[in-house]
Amino acid sequence: MQKLVVIGAGMASGRVLETLFETDPSAYEVTLFNAEPRGNYNRIMLSPVLSGEKSFEEIVTHDDAWYAGNHVTCRFGEKVVSIDRERKIVTGKNGELAYDKLIIATGSSPFIVPVEGRDLPGVIAYRDLDDTNTMIEVSGDREARAIVIGGGLLGLEAAAGLRLRGMEVTVLHLSGHLMERQLDEAAGFLLRKDLEKRGIEVMTKASTQKILGTDKVEGVELADGTVLKADLVVMAVGIRPSVEIAKQAGLAVNRAIAVNAQMQTSDPDIYAVGECVEYNGTLFGLVAPLYEQAKVLAKSLLGENDAFVVKELSTKLKVTGCDLFSAGDFAEGEIREDVVLRDPALGIYKRLVIENDRLIGAVMYGDTSDSNWFFDLIRDKTPIAEMRDTLIFGPAYQGGSPLDPMAAVAALPDDAEICGCNGVCKVKITGAITAKGLTSLDEVRAHTKASSSCGTCTGLVEQLMSLTLGDAFDPNAVKPMCGCTALSHDDVRRLIKAKELKSIPEVQQELQWSTPNGCAKCRPALNYYLVADWPDEYADDYQSRFINERVHANIQKDGTYSVVPRMWGGVTSSKELRAIADVVDKFEIPTVKVTGGQRIDMLGIRKEDLPAVWADLGQAGFVSGQAYAKGLRTVKTCVGTDWCRFGTQDSTGLGIRIEKFMWGSWTPAKLKMAVSGCPRNCAEATCKDIGIICVDSGFDIHFAGAAGLDIKGTEILGHVDTDDEVLEHVVALAQMYREQGHYLERIYKWAKRIGLDEIRRQIMKDHAARRAYYERFVFSQKFAQIDPWSERVSGKDKHEFQPMAELEFAQAAE
Amino acid sequence: MTMIDRPWIGIGRIEDIPQLGARRIEAGYMTIGLFRTAGDEVFAIEDKCPHKGGPLSQGIVHDGCVTCPLHNMVISLTTGETQGPDEGTVRTFRTRIQDGEIQLSGEDLAAAANAVRAA
Ligand code: SRM
Ligand SMILES: Cc1cc2nc3c(=O)[nH]c(=O)nc-3n(C[C@H](O)[C@H](O)[C@H](O)COP(=O)(O)OP(=O)(O)OC[C@H]3O[C@@H](n4cnc5c(N)ncnc54)[C@H](O)[C@@H]3O)c2cc1C
Ligand code: SF4
Ligand code: FES
């Protein structure tokens, strides 16, 4: 077998290897060097990792199993330092290796502005996972400030990610507007406004003079003398092809390594691919052309003939919520005409540049749904005279009456490009769906690569799936509860009632579960549905509860537990605080913290100690705060009329009353409430699952807010006059949610599914329905309001807290 | 190193473990999780997830596997191997039941202890 050595395990060489192994897995014995201590990952998705929207594991392209399965010898973490073309040998840190064919795929390195202080710790570039992790680490510090130098694609993605992590972020940009290479001034302005709305400060015409600091970075000084504080400086000002080893080896190198259309360098046994190459004077910095190069290179290695051609490129910004697209050329020119559409209210801006009856450039901001269509017009140089007047409204307005989006997709020609990153056209997707019988988005991704890189084309791919598969594909199709059944949560809930199923084995039997005892996903869900539907008859299945709910404390990363007692409405007393202090001393509890839910958390308690801790807390009158429960957690309050000069009602008393009424109840997901004494809203009621704002005339009841993974202000349920009415309405709403919610679905998601109006109708208008919900809740509380801690202090589930046996070391090892 | 004379060590009764549940055994040098399935089989594996050391005995037991309580890795009770795309293995210990008494393989315990000592 011929020996193929690859330098650099990045996105380009990864695609070469994939194509090679798909076509002829036995052609080469492959060794892969990578300077980074890991294999190929989807570098362009580092920004979602930075912002926390994805984990690194989710963006790995080739894992260990893939390399092993394809017999690739991996030398990761080893930089290649030289190539000896005479002896056909490369030298890495750990020794030499001979090759028959060699691929250089070293990508590029970030450009560092040559200013004083650039070597200080805390000054980094944005290129790989290590940079990303450094940013995540620094952002963990409270009040840390970041400065991003460079307002291009990369810099803005870094800024948005750091901001989402809670840092104060300033972007310094040399030119007059952001992303000046891709955007015109107007779009640059909209982008700036959007970023400022997210709390990112933008300074244009800002030239960095010096980076300040002694042991680590402390700030940045601009040319005009301005000094900005910084704990982190990210340089995102451009990249330089990594060509040192190619230069040393005497290969032809201009700005990057020169290659021919077969991706061959000046040495016929050495190929190059990716950002480190130059073809016909062009350099590359986006993945689409690299993937084209990779295909050509794989073919060259197998002796097939193909040629790389440079195509028009388009750019999208991957900052969630900032839709931006640009392609082609949009500099102003004498024979060029502009068509511009603005909708300031919606933040939409579109600009087309036309020259000689052809579209040559397009910039879109705010609405990029038709960008692929425009991009095709540019690439294919389609004459546009006939649609000139309506062109800017997009494909839906061409040829008579407006088309719906589906028809617009249907009307796309077969070679229309759908996935820009991977160069996948329409017919390749529809063809694969038909030929291979694909039915899910994941399958389409696996077979065609469409939508598998930056993901902005996912909607289009789904529309193509609907077109090809008809009703057989429904992107919103009800998903089965888990791998053990084909039934959805709704089906299961309905059937539990209809067939009067009253135990988990009964459900699994009657509803034809495909596994003997379910899994960690369906068992807790079934257990909740049964508890909620048959409060008096169903015996809670303890082994189907997640550990926290089984031992009534929160498991911590080291296997210890935390304990959070209830502090009704956030109010406490010297006696309670003293009892907590005594427990902390007695059990040497390492951390005591005030939670975001107005109460006290004791962290790091050994499991064996839990019952004794609870016993002492119980003596002082505490019950479990259920900080672990898919159930009622907290009711935050403010000081209200008791003390506050603005208070309109007794918000503290009302909150305590609600908490005392509702504690112990299980709900589909956790349930958090708050009562504020006036619209100043100090208890933050308008981002809770259920919130109450007291006003002079009574009480506004809010619901369906979110302030965790999603952030969403509440919706108004309605206004009531008395606190008795508040209680009845709130309880009825909670019960409706308990009866209909899917397991782990918070109120705001449930409400979106059911419809706000329907909920308002049942709770505010249909008095009989409200009363019935209320009464069902009251009934179920009879079986729920038992303090789980005192139960366990009196011996319940004793086995949980003690090891079953302790073996002597000597008894085992001799 | 002398061989132990009792090749099987009694550690308790099957009723001590809830069905589809688990208990811990403190062996000094490591904690062992003892699991009972729906079919009353008993398995012993090291109580330490290959991912980040999560206490497996606190997980949910299903179909000859346990799901780690910290980040949901699924581990086979029979082989100690992680299921699906994840990688990693935990040490397993042979068990047998004699008249309702659960016994652990002394040989496996010794091997584990020696491995820990060597490390
Ligand atoms: C202790 C506390 C942080 C603190 O030190 O302040 C906390 C700690 C945890 N939160 Fe929280 N959350 C705490 C208040 C909040 C709040 C603020 C609030 O309640 O006002 C939120 C935002 C509001 C919300 O609930 O959406 C919050 C949103 C989350 C989320 C995201 C939930 C979501 O649906 O978006 C999770 C993850 C989850 O539940 O899946 C989470 C999960 C967790 C877990 C349970 C993580 C876990 O699974 O182990 C943490 C348990 C640590 C422990 O053992 O105590 N925590 N968490 C707070 C306890 C409040 C209490 O007294 O009970
Ligand atoms: C945060 C971020 C966001 C991006 N977003 C997009 C986007 O939305 N769309 C888009 O099209 N593109 C995007 N890009 C650009 C895209 O990631 C690159 O174009 C692409 O990764 C280049 O591929 P490559 O294989 O040439 O180089 P790389 O993926 O950089 O791989 C080169 C590898 O070679 C290694 N190497 C270098 N020298 C040596 C040596 N001497 N010995 C051994 N190994 C060596 C390096 O460590 C590296 O792992 C983004 C880039 C970043 C950093
Ligand atoms: S306490 Fe909440 S915010 Fe803090 S790390 Fe845990 S889950 Fe995340
Ligand atoms: S420690 Fe077990 S899954 Fe993370």
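Looking only at the stretch A:586-622, count every residue that is aromatic (Phe, Trp, Tyr) and either over 19 Å from A:Thr572 (Cα atoms) or within 16 Å of ligand 4 (Cβ to nearest atom) (or both) and tell me the total.
If we filter the stretch A:586-622 for residues that are aromatic (Phe, Trp, Tyr), which is where we start, we get A:587, A:614, A:622.
Narrowing the set further to residues that are either over 19 Å from A:Thr572 (Cα atoms) or within 16 Å of ligand 4 (Cβ to nearest atom) (or both) leaves A:587.
Looking only at that region, the number is 1.
Taking the stretch A:533-580 as the region of interest, how many residues are of a type outside the set (Asp, Glu), touching a helix residue (DSSP H, G or I) at 6+ places or on another chain (Cβ under 7 Å) and not in a loop (DSSP other than H, G, I, E, B)?
Selection size over the stretch A:533-580: 13.
Looking only at the stretch A:126-151, filter to residues that are small (Gly, Ala, Ser) and touching a Leu at 6+ places or on another chain (Cβ under 8 Å); which one of those is nearest to A:Ser109 (Cα to Cα)?
A:Gly150
Please tell me if A:Ala258 is without any contact (Cβ under 8 Å) to a residue 60 or more places away in the chain and in contact with a strand residue (DSSP E or B) (Cβ under 6 Å, 6 or more places away or on another chain).
Here the answer is yes, as A:Ala258 does meet what is asked.
Specify which of the listed residues (A:Glu29, A:Glu53) is touching a residue at least 12 places away in the same chain (Cβ under 8 Å) and more than 23 Å from B:Met73 (Cβ to Cβ).
A:Glu29
Would you check if A:Gly225 is away from ligand 4 (no atom under 16 Å from the Cβ), of a type in the set (Gly, Ala, Ser) and under 34 Å from the mean Cα position of the chain (by Cα)?
Criteria not met by A:Gly225.
Do we find a residue being within 22 Å of A:Gly559 (Cβ to Cβ), more than 11 Å from every other protein chain (Cβ to nearest Cβ), touching an Asp or Glu at 6+ places or on another chain (Cβ under 6 Å) and open to solvent by 30 Å² or more (accessible area, probe 1.4 Å) anywhere in the stretch B:91-108?
Yes, that holds for at least one residue.
Among the residues of the stretch B:74-87, write down those that are more than 10 Å from every other protein chain (Cβ to nearest Cβ) and modelled with pLDDT under 90.
B:Gln83, B:Gly84
Given the criteria surrounded by fewer than 17 Cβ atoms within 10 Å (Cβ to Cβ) and away from chain B (no Cβ under 14 Å), does A:Asp533 qualify?
Judged against the criteria, A:Asp533 is not a match.
Please count how many residues of the stretch B:24-41 are among the aliphatic types (A, V, I, L, M) and either within 16 Å of ligand 2 (Cβ to nearest atom) or open to solvent by less than 10 Å² (accessible area, probe 1.4 Å) (or both).
Counting residues in the stretch B:24-41 that are among the aliphatic types (A, V, I, L, M) and either within 16 Å of ligand 2 (Cβ to nearest atom) or open to solvent by less than 10 Å² (accessible area, probe 1.4 Å) (or both) gives 4.
How do the strands (runs of 3 or more DSSP E) wholly within the stretch A:127-214 filter down when requiring 2 or more residues that are open to solvent by 40 Å² or more (accessible area, probe 1.4 Å): which remain?
A:200-203, A:208-213
Let's see how each residue does on (1) modelled with pLDDT of 95 or more; (2) open to solvent by less than 50 Å² (accessible area, probe 1.4 Å); (3) near ligand 1 (Cβ under 8 Å from one of its atoms):
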residue: A:Val592; (1), (2), (3): yes, no, no
residue: A:Asp601; (1), (2), (3): yes, yes, yes
residue: A:Lys607; (1), (2), (3): no, yes, no
residue: A:Phe622; (1), (2), (3): yes, yes, no
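Quick check on my filter: what residues within the stretch B:54-73 are open to solvent by 30 Å² or more (accessible area, probe 1.4 Å) and either more than 9 Å from chain A (Cβ to nearest Cβ) or within 13 Å of ligand 4 (Cβ to nearest atom) (or both)?
Residues satisfying the conditions are B:Leu70, B:His71, B:Asn72.
Has the stretch A:572-584 got any residue that is away from ligand 2 (no atom under 16 Å from the Cβ), within 14 Å of chain B (Cβ to nearest Cβ) and within 29 Å of A:Gln802 (Cβ to Cβ)?
Checking the stretch A:572-584: not a single residue is away from ligand 2 (no atom under 16 Å from the Cβ), within 14 Å of chain B (Cβ to nearest Cβ) and within 29 Å of A:Gln802 (Cβ to Cβ).
Can you tell me how many residues within the stretch A:419-454 are touching a residue at least 12 places away in the same chain (Cβ under 8 Å) and of a type in the set (Gly, Ala, Ser)?
Selection size over the stretch A:419-454: 7.
For the stretch A:473-508, give me each residue that is under 30 Å from A:Glu53 (Cα atoms) and surrounded by fewer than 15 Cβ atoms within 10 Å (Cβ to Cβ). Even if it seems obvious, please write down each step before you answer.
The first filter runs over the stretch A:473-508 and keeps only residues under 30 Å from A:Glu53 (Cα atoms), leaving A:473-490.
Passing the criteria: A:Asp474, A:Pro475, A:Asn476, A:Ala477, A:Val478, A:Lys479, A:Gly483, A:Ala486, A:Asp490.
For the stretch A:751-758, does any single residue satisfy the condition of being open to solvent by less than 80 Å² (accessible area, probe 1.4 Å) and of a type in the set (Asp, Glu)?
Yes: the stretch A:751-758 contains one or more residues that are open to solvent by less than 80 Å² (accessible area, probe 1.4 Å) and of a type in the set (Asp, Glu).
So that you can scan it fast, the table gives a plain yes or no per residue for (1) within 11 Å of ligand 1 (Cβ to nearest atom); (2) polar (S, T, N, Q); (3) over 22 Å from A:Val639 (Cβ atoms):
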position: A:Pro535; (1), (2), (3): no, no, yes
position: A:Ala539; (1), (2), (3): no, no, yes
position: A:Ile547; (1), (2), (3): yes, no, yes
position: A:Asp558; (1), (2), (3): no, no, yes
position: A:Arg566; (1), (2), (3): yes, no, no
position: A:Gly570; (1), (2), (3): yes, no, no
position: A:Ala579; (1), (2), (3): no, no, yes
position: A:Val584; (1), (2), (3): no, no, yes
position: A:Glu588; (1), (2), (3): no, no, yes
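Consider B:Gly10 against the criteria (1) surrounded by fewer than 15 Cβ atoms within 10 Å (Cβ to Cβ); (2) within 11 Å of another protein chain (Cβ to nearest Cβ); (3) not in a strand (DSSP E or B): it satisfies all of them except one. Which criterion is unmet?
(3)
One line per residue, one yes/no per condition, for (1) touching a Lys or Arg at 6+ places or on another chain (Cβ under 7 Å); (2) at pLDDT 90 or above; (3) open to solvent by 10 Å² or more (accessible area, probe 1.4 Å):
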{"residue": "A:Cys276", "(1), (2), (3)": "no, yes, no"}
{"residue": "A:Tyr291", "(1), (2), (3)": "yes, yes, yes"}
{"residue": "A:Ala298", "(1), (2), (3)": "no, yes, no"}
{"residue": "A:Gly303", "(1), (2), (3)": "no, yes, yes"}
{"residue": "A:Asp329", "(1), (2), (3)": "no, no, yes"}
{"residue": "A:Gly333", "(1), (2), (3)": "no, no, yes"}
{"residue": "A:Ala345", "(1), (2), (3)": "no, no, yes"}
{"residue": "A:Val353", "(1), (2), (3)": "yes, no, no"}
{"residue": "A:Asp357", "(1), (2), (3)": "no, no, yes"}
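So, in the stretch A:70-113, how many residues would count as being part of a loop (DSSP other than H, G, I, E, B) and charged (D, E, K, R)?
8
Restricting to strands (runs of 3 or more DSSP E) lying wholly in the stretch A:659-704: which have 3 or more residues that are within 12 Å of ligand 1 (Cβ to nearest atom) and either under 19 Å from A:Tyr748 (Cβ atoms) or aliphatic (A, V, I, L, M) (or both)?
Once the strands (runs of 3 or more DSSP E) in the stretch A:659-704 are filtered for at least 3 residues that are within 12 Å of ligand 1 (Cβ to nearest atom) and either under 19 Å from A:Tyr748 (Cβ atoms) or aliphatic (A, V, I, L, M) (or both), what remains is A:671-676.
Run B:Cys49 past the list (1) more than 13 Å from ligand 4 (Cβ to nearest atom); (2) in contact with a helix residue (DSSP H, G or I) (Cβ under 9 Å, 6 or more places away or on another chain); (3) of a type outside the set (S, T, N, Q) and report the number of the one that doesn't hold.
Going through (1) more than 13 Å from ligand 4 (Cβ to nearest atom); (2) in contact with a helix residue (DSSP H, G or I) (Cβ under 9 Å, 6 or more places away or on another chain); (3) of a type outside the set (S, T, N, Q) one by one, B:Cys49 breaks only (1).
Is the stretch B:31-48 home to any residue that is at the interface with chain A (Cβ under 7 Å from one of its Cβ atoms) and more than 16 Å from ligand 1 (Cβ to nearest atom)?
So in the stretch B:31-48, the residues at the interface with chain A (Cβ under 7 Å from one of its Cβ atoms) come out as B:34, B:38.
Remaining after also requiring more than 16 Å from ligand 1 (Cβ to nearest atom): B:34, B:38.
Taking every residue of the stretch B:31-48 in turn, at least one turns out to be at the interface with chain A (Cβ under 7 Å from one of its Cβ atoms) and more than 16 Å from ligand 1 (Cβ to nearest atom).
The values are calculated or read from the model by the stated rules, or taken from the named source; none is laboratory data. A quick note: this is a predicted structure, and the numbers were derived from the prediction, not measured. Every residue, glycine among them, receives a Cβ derived from its backbone with ideal geometry; neighbour counts consider all protein chains shown. Heavy atoms of the whole protein, side chains included, go into the accessibility calculation; ligands, DNA and RNA do not. Shrake-Rupley method; radii C 1.70, N 1.55, O 1.52, S 1.80 Å.
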